[in-house]
Amino acid sequence: MNLDDPAIDRLATARRLLLEPYGLDEAKLQRALGTIFEHKADFADLYFQYTRSESFSLEEGIVKSGSFDIEQGVGVRAVAGDKTAFSYSDDISEAALLEAARAVRSIAAAGGGRARVGTALSQRGARALYPAVDPVSSLEAAQKIALLERIEQLARARDPRVKQVMASVGAEYDVMLVARSERKGRSFADELAADVRPLVRLSLTVIVEEGGRREQGFWGGGGRLPLSYFDEALLREYAGKAVDTALANLAARPAPAGVMTVVLGPGWPGILLHEAVGHGLEGDFNRKGSSAFSGKVGQRVAARGVTVVDDGTLPDRRGSLNVDDEGNATARTVLIEDGVLKGYLQDSLNARLMKVPVTGNGRRESFAALPLPRMTNTYMVGGAHDPQEIVRSVKKGIYASNFGGGQVDITNGKFVFSMAEAYLIEDGRITAPIKGATLIGNGPDALTRVSMIGNDMALDAGIGTCGKDGQSVPVCVGQPTLRIEGLTVGGTGG
């Protein structure tokens with residue numbers, strides 16, 4: 001490995017924070033792994049984590065809350081067949097490691113194992129998708145509050161109807177180290193990997209009022225960057241979009257209801273793809289046969305031209321990782337290509353049981369949680385149509401540029417999503433804003449109804465958080481402008 005490889009710097013940082021203060025080194029990690037493999041386990045890992053985070057919120061020019069947290073610990077996992085044993089501790093010590101190792105090895109039959117495990121760096125090449133910086137210390141507390149005060153000023157200056165502004169800023173410095181060993185026939189593959197993961201986010205909610213009616217708008221963004229990312233131009237953009245959304249809702253008329261053509265805007269509307277389709281493409285659901293996409297690899301599941309990708313290797317993006325939480329390199333994984341299902345997102349456990357390659361999608365919320373196959377940055381690839389051409393092609397329909405909350409059943413793909421910002425399309429033009437619209441449908445079915453794909457693929461600004469089995473992880477979503485036929489819109493108007 002090149003001595004200038006940033007992987008070495010990340011590993012040095014992880015050793016300094018997670019091993020050296022507690023008298024640990026690779027030999028002692030080998031001992032803990034060896035203790036597990038005294039039984040007939042197939043796979044085992046030790047996941048160390050140190051996380052420091054800070055946040056501030058501002059309302060009406062006053063700092064309403066502030067928090068600072070430090071968490072650290074280690075999770076120990078053993079896998080035998082399709083059975084998993086897991087233990088975790090916030091006490092990072094050799095005694096705690098060995099105790100956890102003895103506890104989790106009970107998942108496997110005694111005897112026939114081995115007592116010694118070797119380790120080797122798993123990072124390949126000089127991958128550095130984001131800077132190994134500590135964003136928590138990148139600005140002083142007074143400077144972080146000044147960011148919030150400035151975006152509030154910009155929002156209020158945007159329109160006199162702005163009556164209330166709430167803003168928040170957060171930063172996280174996360175360092176992980178994973179030592180793992182996997183049985184491969186009569187031999188073992190042993191690896192040691194580390195990562196340093198910065199994460200920042202700034203968000204803004206504004207409330208506008210006119211004639212006794214109040215509406216709100218939201219915007220925000222971030223990524224794996226220092227807090228200096230939020231410069232004046234970006235603050236102006238966030239403030240403008242939040243206020244403009246609120247004003248659109250203020251002027252909105254009741255949404256019509258019925259089956260109609262829907263045009264989805266680029267960027268954040270990709271949350272619909274993430275929820276209604278992406279989760280159904282995760283390996284665990286498909287191994288168990290509980291997804292609407294189970295057993296359909298190689299089959300047409302979407303309209304021609306629809307290509308869906310999960311890519312954990314995009315620079316600085318919220319969902320990107322140099323290595324996943326099992327130490328595997330992340331990748332650009334094509335899930336659907338030109339409408340045909342190509343495969344699923346895999347962690348180590350499900351990939352081994354399904355006898356397919358790992359895709360680098362093993363993610364966990366913290367050292368106290370088991371890894372699961374999860375999305376990173378998931379998006380639909382752009383097509384050939386100009387976005388204005390797509391809108392002009394619609395005689396009567398709805399243009400949705402922003403989504404709020406929603407619900408999805410991954411077993412059948414059925415979804416219900418509320419539109420945070422939407423407009424009527426009349427005679428090929430975007431006209432009046434509408435309020436109270438919901439989108440009702442079935443994810444796999446909606447993919448077959450895509451009739452036009454824009455050439456304006458965009459990723460969201462960096463606000464996505466994905467929940468699964470009680471665990472939350474940062475993600476990114478995206479898509480181009482899409483025309484979808486025959487979707488059901490729930491509304492309050494005629």
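The values are calculated or read from the model by the stated rules, or taken from the named source; none is laboratory data. Quick caveat, the model's predicted, so the values are computed rather than measured. Positions of Cβ are backbone-derived with ideal geometry, glycine not excepted, and every protein chain shown enters the neighbour counts. Just so you know, the surface numbers come from the protein's heavy atoms only, side chains and all, with ligands and any DNA or RNA stripped out. Shrake-Rupley method; radii C 1.70, N 1.55, O 1.52, S 1.80 Å.
Structure data summary
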| item | result |
| --- | --- |
| Filter result for Ala276 (modelled with pLDDT under 95, within 25 Å of the chain's Cα centre (by Cα) and of a type outside the set (Val, Ile, Thr)) | yes |
| In the stretch 464-485, residue farthest from Lys395 (Cα to Cα) [restricted to those that are open to solvent by 20 Å² or more (accessible area, probe 1.4 Å) and part of a strand (DSSP E or B)] | Ser472 |
| One residue from Phe188, Phe218, Phe230 being touching a residue at least 24 places away in the same chain (Cβ under 8 Å) and out of contact with any helix residue (DSSP H, G or I) (no Cβ under 8 Å at 6 or more places or on another chain) | Phe188 |
| Residue list for the stretch 266-316, filter: surrounded by fewer than 24 Cβ atoms within 10 Å (Cβ to Cβ) and of a type in the set (S, T, N, Q) | Ser290, Ser291, Ser294, Gln299, Thr307, Thr313 |
| Residue in the stretch 353-366 that is small (Gly, Ala, Ser), assigned to a loop (DSSP other than H, G, I, E, B) and open to solvent by 10 Å² or more (accessible area, probe 1.4 Å) present | yes |
| Sole exception among (1) at pLDDT below 95; (2) in contact with a Lys or Arg (Cβ under 7 Å, 6 or more places away or on another chain); (3) at positive phi for Glu191, by number | (3) |
| Helices (runs of 4 or more DSSP H) lying entirely in the stretch 190-293 (those with 1 or more residues that are farther than 30 Å from Ile145 by Cα) | 270-273, 283-287 |
| Of residues in the stretch 206-251 being of a type in the set (Lys, Arg) and open to solvent by 20 Å² or more (accessible area, probe 1.4 Å), the one farthest from the chain's Cα centre (by Cα) | Arg213 |
| Filtered residues of the stretch 317-332 (kept if more than 14 Å from Leu345 (Cα to Cα), open to solvent by 50 Å² or more (accessible area, probe 1.4 Å) and not in a loop (DSSP other than H, G, I, E, B)) | none |
| Scope the stretch 420-443; condition small (Gly, Ala, Ser) and either at pLDDT below 95 or under 14 Å from Ala251 (Cα atoms) (or both); matching residues | Ala420, Ala422, Ala432, Gly436, Ala437, Gly441, Gly443 |
| Ala292 vs. criteria touching a helix residue (DSSP H, G or I) at 6+ places or on another chain (Cβ under 7 Å), at pLDDT below 95 and among the aliphatic types (A, V, I, L, M) | yes |
| The stretch 236-247 residues that are small (Gly, Ala, Ser), paired with ones that are modelled with pLDDT of 95 or more and in a helix (DSSP H, G or I) (beta carbon under 7 Å, 6 or more apart) | Ala239/Ile151; Ala239/Leu154; Ala239/Ala155; Ala239/Arg158; Gly240/Arg158; Ala242/Ala155 |
| Extreme residue, surrounded by the most Cβ atoms within 10 Å (Cβ to Cβ), among residues of the stretch 54-107 that are of a type in the set (Phe, Trp, Tyr) and over 18 Å from Leu29 (Cα atoms) | Phe56 |
| Of the criteria (1) touching a helix residue (DSSP H, G or I) at 6+ places or on another chain (Cβ under 9 Å); (2) under 30 Å from Arg156 (Cβ atoms), which one Lys64 fails | (1) |
| Gln153 vs. criteria surrounded by fewer than 18 Cβ atoms within 10 Å (Cβ to Cβ) and part of a strand (DSSP E or B) | no |
| Residue list for the stretch 2-61, restricted to those being assigned to a loop (DSSP other than H, G, I, E, B), of a type in the set (D, E, K, R), within 23 Å of Ser87 (Cβ to Cβ) and in contact with a strand residue (DSSP E or B) (Cβ under 9 Å, 6 or more places away or on another chain) | Glu38, Lys40, Asp42 |
| Residue within the stretch 103-113 that is under 26 Å from the mean Cα position of the chain (by Cα), modelled with pLDDT of 95 or more, closer than 28 Å to Asp284 by Cβ and not in a loop (DSSP other than H, G, I, E, B) present | no |
| Residue in the stretch 333-345 that is surrounded by 24 or more Cβ atoms within 10 Å (Cβ to Cβ) and assigned to a loop (DSSP other than H, G, I, E, B) present | yes |
| Hits in the stretch 180-205 (condition: within 16 Å of Thr13 (Cβ to Cβ) and either among the basic types (Lys, Arg) or open to solvent by less than 10 Å² (accessible area, probe 1.4 Å) (or both)) | Leu192, Ala193, Ala194, Asp195, Val196, Arg197, Pro198 |
| Test result for Leu58, within 19 Å of Leu97 (Cα to Cα) and at pLDDT 95 or above | no |
| Residue identified as without any contact (Cβ under 8 Å) to a residue 40 or more places away in the chain and more than 21 Å from Val450 (Cα to Cα) among Arg332, Arg317, Arg287 | Arg332 |
